[in-house]
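Beneath this line is the structure, given in structure tokens, with notes to follow.
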Amino acid sequence: MGGLDDADRSHAYSECERVLARILTKRKAAPVDTPIRVLITKIGLDGHDRGSRIIAAYLRDAGHEVVYTPPWQTISGVVRLALQEDVEVIGVSSLATDHLIVPDLLRELAEAGLDDVAVVVGGIVPDSEHAMLTDAGVGRIFGPGSSRDEIVDAVNQLGAAVRDRRSRAEVPA
Amino acid sequence: MSTLAAAVAAGHEGNLARALTVLEKGGVDAIALRRTLLEHTGRAMVVGVTGPPGAGKSSLIGALIGALRNEGKRVAVLAVDPSSPLSGGAVLGDRTRMGEHTLDPGVFIRSVSSRGQSGGLSRAVPALIDALDAAGWDVVLLETVGSGQSDVDIAEYADVAVLVSVPGLGDDVQAIKAGMLEVADILVVNKSDLPGAARTARQLEQMLSLRSSDSVHPPVIRTSVPDASGIDSLVSELGRTARAGGRLRRLRKEIVREAESAFALRLSKDLVDRACRSVLDEGREISVVALELAAR
Ligand code: B12
Ligand SMILES: Nc1nc2c(ncn2[C@@H]2O[C@H](COP(=O)(O)OP(=O)(O)OP(=O)(O)O)[C@@H](O)[C@H]2O)c(=O)[nH]1
Ligand SMILES: [Mg+2]
């Protein structure tokens, strides 16, 4: 800075760092409440999108950031979205048997290094097919009539777990 | 250099995505990361796209991506949508209109919530631009929250600011343009497949000539996304219009904002310029420089 000699400057500098450090510790001490990032999507040919729209609105109202896609996404498209958007949770809505390809989605996610993302499924999933999904790694399944609270709680929980795992695995910046 | 920053600079997509998350979150990690990333910036052209809700910003960006890809450019997009003032959450849907580029390895799209910030962008946007720049993306297309009224911030962060309007806004044209006309480098009348586009374009030309005594004023380009018309003219205009020194301008804006918002003071241009230089030339941390200014 003009008009300052070296001693002044170094004093100003350390003073600034002190203030900065104080501001930063204060910021850090406050609960860090960054929104959970969730991808709400539909794969396959099923066009029933009421459920996925409602879920997107529930999660927005719960304070989360929802990347929303219309129906008819491909599995590889969902994987790329999840990667670029750095989501913690993926919610797939399925009313016409498209949940049957969710295990393929999980496999491709893992191949892309996204095996830590939580995946939930909602819509019309016959009881007899639940085990197939949970065995493949689906975190939760929600049928018709699932309440807002149930869904929000589950996403909070799963999202927080993913975040926790990631923060421990994180390479320091 | 930090591992994450190195991976970003090496072009690893997953690490870039994670870096953007870190930068959005802010705090010590973001500051450290930004500092390293700044060493790799300075090449990307940043194109800001603003305009009222539904004007076709996202659709137009979708079309621009295609045209820029044909020129061999690698294109990144930051699409900002508003956060809910009640919950702080957001539904981010802009990229829906860019769906055909999802699988193109030469395209990177990131949805951003404004996280309570007014002005059409989020607080982290300058840092996000730096990260995309450092990762080697040739062009960064930046979509603002469509207010069209007060999104003047875009002019500070973009090398080219594009204002999108549409036919049939009627009197609204006047209102929208009040602040934005001065800062836009290119005016687009989108949806020119609809009636009234020629009239809207004429109105804009008139307003421009009234406002400025210069003989040169921003071009007015008519586009239609479904007809794929006007897109190529827009792309060639982007290259011609890009102002030099975008990066300096971004830093300048940010330093002023950091210092002024923290300490409620006004800074002279001279001081700010010097501070910018110490960030650019000496690689110093923006927040520290801002605090130094404030502590004077
Ligand atoms: C409305 C409706 C339609 C509308 C769709 C409008 C739209 N844009 O969504 C229209 C009329 C277009 C339609 C068309 C068809 N439909 Co229809 N339709 C229904 C109906 C009656 C209600 C679905 C609905 O919107 N429910 C309201 C929403 C809010 O509930 P929801 O989606 O279940 O979501 C809740 C939970 O499941 C869960 N959830 C859902 N998704 C997700 C995602 C996440 C991440 C989470 C956490 C939770 C979650 O949370 C929500 C809140 O509780 C159902 C029958 C039924 N009772 O479900 C049939 C039904 C889904 N349709 C059916 C069929 C066959 C069709 C058609 C093929 C032809 C036909 N016979 O009519 C076409 C195909 C459409 C297409 N392009 O794919 C069948 C599907 C059978 C199957 N599973 O194999 C059903 C089950 C009717 C039946 N019993 O035969 N349909
Ligand atoms: N007729 C016509 N419709 C268009 C054109 N461009 C976009 N649209 C339509 O306009 C609507 C809004 O388009 P978007 O691209 O989402 O507009 P936006 O400005 O990004 O909207 P926000 O992000 O919500 O502010 C969509 O239904 C588009 O299909 C165009 O050139 N002509
Ligand atoms: Mg948009």
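The values are calculated or read from the model by the stated rules, or taken from the named source; none is laboratory data. Not measured: the values here are computed from a predicted model. Note that we place each Cβ from the backbone using ideal geometry, even for glycine, and neighbour counts take in every protein chain shown. SASA here: full protein model, heavy atoms, side chains in, ligands and nucleic acids out. Shrake-Rupley method; radii C 1.70, N 1.55, O 1.52, S 1.80 Å.
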B:ASP94: open to solvent by 10 Å² or more (accessible area, probe 1.4 Å), near ligand 3 (Cβ under 9 Å from one of its atoms) and modelled with pLDDT of 95 or more, yes or no?
yes
Matching residues in region B:219-253 - criterion: being at pLDDT below 95 and of a type in the set (Lys, Arg):
B:ARG240, B:ARG243, B:ARG247, B:ARG249, B:ARG250, B:ARG252, B:LYS253
Every residue in region B:1-44 that is more than 24 Å from A:PRO35 (Cα to Cα) and in a loop (DSSP other than H, G, I, E, B), please.
B:MET1, B:SER2, B:ALA10, B:GLY11, B:HIS12, B:GLU39, B:HIS40, B:THR41, B:GLY42, B:ARG43, B:ALA44
Where a residue in region B:122-148 is in the same structural domain as B:PRO53 (by TED's automatic domain parsing) and its partner, wherever it lies, is assigned to a helix (DSSP H, G or I) and aromatic (Phe, Trp, Tyr), with Cβ under 8 Å and at least six apart
B:VAL125/B:TYR157; B:PRO126/B:TYR157; B:ILE129/B:TYR157; B:LEU142/B:TYR157
Cross-chain or 6+ apart pairs with Cβ under 7 Å, region B:56-73 first and part of a loop (DSSP other than H, G, I, E, B), then open to solvent by less than 30 Å² (accessible area, probe 1.4 Å) and of a type in the set (S, T, N, Q)
B:GLY56/B:ASN190
Give the number of residues within region B:55-85 that are hydroxyl-bearing (Ser, Thr, Tyr) and either more than 18 Å from the chain's Cα centre (by Cα) or within 16 Å of ligand 1 (Cβ to nearest atom) (or both).
1
Determine whether region A:89-100 contains at least one residue that is among the acidic types (Asp, Glu), away from every other protein chain (no Cβ under 11 Å), in contact with a strand residue (DSSP E or B) (Cβ under 9 Å, 6 or more places away or on another chain) and closer than 29 Å to B:SER114 by Cβ.
no
Evaluate the following for B:LEU68: is it crowded, with 17+ Cβ neighbours inside 10 Å, in contact with a strand residue (DSSP E or B) (Cβ under 7 Å, 6 or more places away or on another chain) and either closer than 30 Å to B:LEU194 by Cβ or more than 14 Å from chain A (Cβ to nearest Cβ) (or both)?
yes
By my count, strands (runs of 3 or more DSSP E) wholly in region A:56-170 with at least 2 residues that are buried (at least 17 other Cβ atoms within 10 Å of the Cβ) and in contact (Cβ under 8 Å) with a residue 60 or more places away in the chain are A:89-94, A:118-123
Looking at region B:9-21, I want the residues that are within 11 Å of B:ALA135 (Cα to Cα) and in contact (Cβ under 8 Å) with a residue 24 or more places away in the chain and have a partner that is open to solvent by 40 Å² or more (accessible area, probe 1.4 Å) and of a type in the set (Ser, Thr, Tyr) with Cβ atoms under 8 Å, at least 6 apart or on another chain. Which pairs are those?
none
Quick one: would you say B:ARG74 is farther than 22 Å from A:ALA57 by Cβ and in the same structural domain as B:VAL140 (by TED's automatic domain parsing)?
yes
Which one is surrounded by the most Cβ atoms within 10 Å (Cβ to Cβ) among residues in region B:26-55 that are at positive phi and away from ligand 2 (no atom under 16 Å from the Cβ)?
B:GLY26
If I filter region B:52-73 for residues that are at pLDDT below 90 and not hydrophobic (A, V, I, L, M, F, W, C), do I get at least one hit?
yes
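Table: residues versus (1) out of contact with any Lys or Arg (no Cβ under 8 Å at 6 or more places or on another chain); (2) of a type in the set (Phe, Trp, Tyr); (3) buried (at least 19 other Cβ atoms within 10 Å of the Cβ); (4) assigned by TED's automatic domain parsing to the domain that holds B:SER224.
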| residue | (1), (2), (3), (4) |
| --- | --- |
| B:ALA19 | yes, no, yes, no |
| B:GLU24 | no, no, yes, no |
| B:LYS57 | yes, no, yes, yes |
| B:LEU60 | yes, no, yes, yes |
One residue is enough: does region B:29-37 have a residue meeting the conditions of a type outside the set (A, V, I, L, M), outside the structural domain of B:PRO167 (by TED's automatic domain parsing) and under 21 Å from the mean Cα position of the chain (by Cα)?
yes
